[in-house]
Amino acid sequence: MVDTIGEAAGAIWQYLNANGEASVNKITTETGLGKNEVQRAIGWLAKEDKLNIEMKGRVETLSLK
């Protein structure tokens, strides 16, 4: 399970690095990861202090620090 979460975190990091800030929904759709995988990976990246997480209205957006 830890390997799967780490791989998802890597995919999200690579996506944000290539595309910049994005909503959680957009990341989920464009990476092909499941909602649970994305949420776990966000936690992983947040713990490593690699993400900025912002609420813009009702939309949660992510960007790299």
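A short reminder: the numbers here are calculations on the coordinates, not readings from a lab. Since the structure is predicted, the reported quantities are computational estimates derived from the model, not experimental observations. Note that each Cβ is placed from the backbone with ideal geometry, even for glycine, and that neighbours are counted across all protein chains shown.
Mean separation of Cα pairs under 8 Å and 6 or more residues apart, divided by the residue count, gives the chain a relative contact order of 39 percent. Distance between the modelled labels on K26 and I53, one decimal in nanometres: 1.9 nm (7 Å Cα→Cβ projection). Database remark: amide H of L64 closer than 5 angstrom to the amide H of N52 (H placed geometrically; neighbours at sequence offset of 5 or more, or on other chains; Pro and chain starts carry no H).
By the count of other C-beta atoms within 10 Å, a proxy for reagent exposure, V2, V59 are ordered fewest to most as V2, V59.
Loop-located GluC sites (Glu not before Pro) in the chain (DSSP state other than H, G, I, E, B) with a sparse environment of at most 11 neighbouring Cβ atoms within 10 Å: E48.
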